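Working notes, beginning with the structure itself.
The values are calculated or read from the model by the stated rules, or taken from the named source; none is laboratory data. Source: prediction; values computed, not measured. Note that each Cβ is placed from the backbone with ideal geometry, even for glycine, and that neighbours are counted across all protein chains shown.
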Amino acid sequence: MEMPFYVTFLIITIIALFFIVNKRVMHGKLSNEALVYPLLCCAIFTFFLNYNKGIFSDSLDYSQYFERLQNWTFIQAVNDSTVYAVAYMPGFRILSWLISQIFPNVHFYFGVIAIIIFTLVSIGLVKILRAPYGIIAIISYTMYPYFASYTALGIRQGLALGVMFLVIASLLKREKYRSLWWIFISFMFHNTAAVLLLLYLAVFFNIKNIFKIKNALIAWLITLILSIADVFNIVINHIIDASSLDSRYQVYFNNGTDYIIGFRPDFVIFSLFPVIIYSLFRKKISDAKVHQLIVFYILLNCLMNLFSFMPFYDRFAAYSWMLIPLIIVSIAKDLKNKNVGMYSFGLLILLPIVNFVLFIVYNSKWYFSSL
């Protein structure tokens, strides 16, 4: 698929910005004020892609929903029970209605939603990593395939995933009520965000040894074995009568789709990538924040195994996969502080290159198919 020149130029600009920022960070010559420029470029890039993307698949439903909202009052939007919004959470309904009243064009709807997700992720990353490494992570996320997917198609979950970074930031600071508040807001965009309560319980109810990576990996391995044995499928289908669910949810119990369900080696290998990177540098890492992020990641990735019998179960895996660039940059930051900058530099160079390739291979169809 051949991309227009201006799209190629924008992508190359983002990659170039990453290298420039990273080089200056490694030499300690980058002021916080200078970070505004690459951050602004990334925001424009994100808006531009989503404004111009083709409208099909999930986007078509959201497009039709937006057009209906333009003629509705706020009360109608909140109480909507039509097929367009029967499963939409209140936060998403309110936000969509507000955008529909401000912008007349559906392309603005997708562009603005993408910018909101970008902003949520950016604030969370800066809170967790501080500048300038938070900015480096933001530039990397701009090209990250799962960030791109959830700003282009799964925008409801994309908003929930964006808020998740604020949840993580609050949990790392052990802000009990603030983290619970962010979980609630995330849930108001997409109900799968309820899974974030797992992290909250682990942090504030002092589950014994939960922060030991070894124990988290054992839990992950057990869920993987049970997934391969199809235990979760048997148990959950025994508890839940799929025929009684709304049609929008029955698809997750319908094995007649083209989606490959059950154990997937590609999903497992991809999931293990940040854990392997962490293991390679474990003895050089002393920042407790990195250890906690790894545990958060492993616990969330257990959900992938738990729901592996469902079509589209990568939507549960996304809660862990969205943390991968954050984990890589946090490891690189700690390595830089331990005077092993060569490894840090290598990780920070590898990240945008891999993201760029994956973006072109897996995500270009969402943006460039109609060009």
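Scanning the stretch 274-294 for residues that are in a helix (DSSP H, G or I), over 17 Å from the mean Cα position of the chain (by Cα) and in contact (Cβ under 8 Å) with a residue 40 or more places away in the chain yields a total of 8. Checked against (1) closer than 25 Å to Gly54 by Cβ; (2) surrounded by fewer than 21 Cβ atoms within 10 Å (Cβ to Cβ); (3) not hydrophobic (A, V, I, L, M, F, W, C), Tyr146 passes all but a single condition, namely (2).
Considering only residues in the stretch 177-202 that are of a type in the set (Val, Ile, Thr) and crowded, with 21+ Cβ neighbours inside 10 Å, the one that is modelled with the lowest pLDDT turns out to be Val195. From the list Ser243, Ser271, which residue is modelled with pLDDT of 85 or more, of a type in the set (Ser, Thr, Tyr) and either assigned to a helix (DSSP H, G or I) or touching a strand residue (DSSP E or B) at 6+ places or on another chain (Cβ under 6 Å) (or both)? Going through Ser243, Ser271 in turn, the sole match is Ser271. Ile75 passes every criterion in (1) more than 28 Å from Ile168 (Cα to Cα); (2) aliphatic (A, V, I, L, M); (3) in contact with a helix residue (DSSP H, G or I) (Cβ under 6 Å, 6 or more places away or on another chain) apart from (3). Being of a type in the set (Ser, Thr, Tyr), under 18 Å from Phe356 (Cβ atoms) and touching a helix residue (DSSP H, G or I) at 6+ places or on another chain (Cβ under 8 Å) is a property that holds for Tyr141.
There is no residue in the stretch 66-75 that is of a type in the set (Asp, Glu), touching a residue at least 12 places away in the same chain (Cβ under 8 Å) and part of a loop (DSSP other than H, G, I, E, B).
Here Ser344 meets each of (1) at pLDDT 75 or above; (2) surrounded by 21 or more Cβ atoms within 10 Å (Cβ to Cβ); (3) more than 16 Å from the chain's Cα centre (by Cα); (4) not acidic (Asp, Glu) with one exception, condition (1).
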